[in-house]
Amino acid sequence: MPLVTSKQLLLTALENRFAVGAFNANNMEQIQAIIETAEEERAPVILQASQGAIRYAGLELVSAMVKTVANIATVPVVLHLDHGPDFQQNLQCLRAGFTSLMFDGSKRTFEENVAITKKIVEIAHIVGIPVEAELGRVGQSTECLTEEQVCALMTNPAQAKEFVERTGIDSLAIACGSVHAMKVAEAELDIPRIKAIHEQVPNTPLVLHGSSGVTADSMVAGIEQGLCKINVATYLNQAFVRGISDGFAKHPDEVDPRKFLSIGRDYVKEAVREKIRLFKSAGVIDASGGFCSPARQFRSAELGATE
């Protein structure tokens with residue numbers, strides 16, 4: 001089916017207490033793995049293009065690959081910009097056919113973040129494309145932040161309300177205890193903070209970045225308090241590299257790279273499957289591409305199909 005926007009998917013997730021998996025993909029094999037697994041699990045899925053992926057493959061190629069695979073899928077697929085650094089790149093992605101945008105102004109002042117986010121929202125909403133923005137800052141594992149420093153960067157619930165009201169965003173990425181690019185799942189989310197933010201903006205889906213380093217139980221608890229989109233990147237990369245490495249070990253004389261890449265793809269599929277089931281989004285899409293009961297019934301047109 002054609003690409004859809006993220007807006008209705010996340011609102012349905014919010015209403016029904018599940019989260020949509022937002023998976024970063026860097027190449028064809030990862031894109032195939034993510035969408036094939038979503039099909040098998042009957043789950044909606046968000047394909048994300050990170051800044052690294054855009055530098056590696058190019059914006060147009062990423063967009064074309066996702067559109068091609070999505071067109072033959074029977075579950076809703078979103079193409080989302082991850083951590084867009086400025087107005088210009090968001091506009092480029094809008095023109096390239098992305099169906100969900102993000103501006104990351106987390107390193108800017110509050111007023112700068114509001115101003116640029118609002119400008120992107122005004123442009124994107126003209127053509128029906130939703131926008132995610134970030135308040136607070138999710139750190140990087142390379143920063144070696146202390147627990148106190150991570151807490152200092154977390155989203156302020158009262159400020160979240162003002163931010164949402166002034167910008168008109170469709171979803172809010174919050175800092176609540178996760179850290180980008182962690183290789184071991186040992187972080188615990190600040191569940192009371194997530195709950196407090198949700199109470200301030202009850203109709204705004206909340207987004208978790210840096211989930212690869214978060215414990216499963218903590219993510220499940222966060223979903224109950226309003227997390228509706230959960231980003232997964234490092235966990236998939238680890239699976240892909242592990243699959244390729246295992247392929248080399250088993251077939252040291254093989255010279256066809258597809259043999260190794262296909263093993264990596266299979267490993268990514270199982271990693272995606274694990275996360276989809278954890279997020280409680282497995283089985284929510286029926287054979288026609290709409291939501292099953294108990295989720296409200298939506299047909300593809302109501303999901304925001306863009307073609």
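The values are calculated or read from the model by the stated rules, or taken from the named source; none is laboratory data. If you're wondering where the values come from, they're calculated on a predicted model, not measured in any experiment. Reconstructed Cβ throughout: ideal geometry from the backbone, glycine too, with neighbour counts over all protein chains shown.
Structure values in brief
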quantity: Qualifying position, being surrounded by fewer than 23 Cβ atoms within 10 Å (Cβ to Cβ) and small (Gly, Ala, Ser), among Ala239, Ala233; calculated: Ala239
quantity: Residue count, segment 75-123 (criterion: touching a Ser or Thr at 6+ places or on another chain (Cβ under 8 Å) and polar (S, T, N, Q)); calculated: 4
quantity: Qualifying residue in segment 91-98 (condition: outside any loop (DSSP other than H, G, I, E, B), modelled with pLDDT under 95 and either of a type outside the set (Val, Ile, Thr) or buried (at least 24 other Cβ atoms within 10 Å of the Cβ) (or both)); calculated: no
quantity: Some residue of segment 254-268 being at pLDDT 95 or above and under 20 Å from Ile46 (Cβ atoms); calculated: yes
quantity: Members of segment 195-223 that are within 14 Å of the chain's Cα centre (by Cα) and not in a helix (DSSP H, G or I); calculated: Pro205, Leu206, Val207, Leu208, His209, Gly210
quantity: Criterion violated by Ser218 - all others in (1) within 24 Å of Ser50 (Cα to Cα); (2) touching a strand residue (DSSP E or B) at 6+ places or on another chain (Cβ under 8 Å); (3) not acidic (Asp, Glu) satisfied; calculated: (1)
quantity: Yes/no for Glu39 being acidic (Asp, Glu), more than 13 Å from Leu79 (Cβ to Cβ), surrounded by fewer than 24 Cβ atoms within 10 Å (Cβ to Cβ) and in contact (Cβ under 8 Å) with a residue 60 or more places away in the chain; calculated: no
quantity: Matching entry among Ala64, Ala96, Ala70 (being over 22 Å from Leu135 (Cα atoms) and in contact (Cβ under 8 Å) with a residue 40 or more places away in the chain); calculated: Ala70
quantity: Residue check, Phe248 touching a Phe, Trp or Tyr at 6+ places or on another chain (Cβ under 7 Å), at pLDDT below 95 and in a helix (DSSP H, G or I); calculated: yes
quantity: So Lys269, is it touching a helix residue (DSSP H, G or I) at 6+ places or on another chain (Cβ under 6 Å) and of a type outside the set (A, V, I, L, M, F, W, C); calculated: yes
quantity: Filter pass, Ser288 being among the small types (Gly, Ala, Ser), loosely packed, with under 15 Cβ neighbours inside 10 Å and modelled with pLDDT under 95; calculated: yes
quantity: Contacts under 6 angstrom Cβ, first residue in segment 228-246 being farther than 26 Å from Ala173 by Cβ, partner outside any strand (DSSP E or B) and of a type in the set (Phe, Trp, Tyr), 6 or more apart; calculated: Arg242/Tyr267; Gly243/Tyr267; Ile244/Phe260
quantity: Number of positions in segment 99-116 that are over 27 Å from Pro2 (Cα atoms) and without any contact (Cβ under 8 Å) to a residue 60 or more places away in the chain; calculated: 11
quantity: Residue count, segment 1-14 (criterion: at pLDDT below 95 and either within 26 Å of Tyr56 (Cβ to Cβ) or among the charged types (D, E, K, R) (or both)); calculated: 1
quantity: Breaking point among (1) farther than 18 Å from Arg265 by Cβ; (2) out of contact with any strand residue (DSSP E or B) (no Cβ under 9 Å at 6 or more places or on another chain); (3) surrounded by 15 or more Cβ atoms within 10 Å (Cβ to Cβ), for Gln32; calculated: (1)
quantity: Scope segment 11-59; condition over 14 Å from the mean Cα position of the chain (by Cα), of a type in the set (S, T, N, Q) and farther than 15 Å from Val69 by Cβ; matching residues; calculated: Thr12, Asn16
quantity: Filter result (β-branched (Val, Ile, Thr), in contact with a Lys or Arg (Cβ under 9 Å, 6 or more places away or on another chain) and either part of a strand (DSSP E or B) or on the phi > 0 side of the Ramachandran plot (or both)) within segment 1-55; calculated: Val20, Ile46
quantity: Long-range neighbours under 6 Å by Cβ, at least six apart or interchain, first residue more than 17 Å from Asn26 (Cβ to Cβ) within segment 249-278, second surrounded by fewer than 17 Cβ atoms within 10 Å (Cβ to Cβ); calculated: Leu278/Ala216
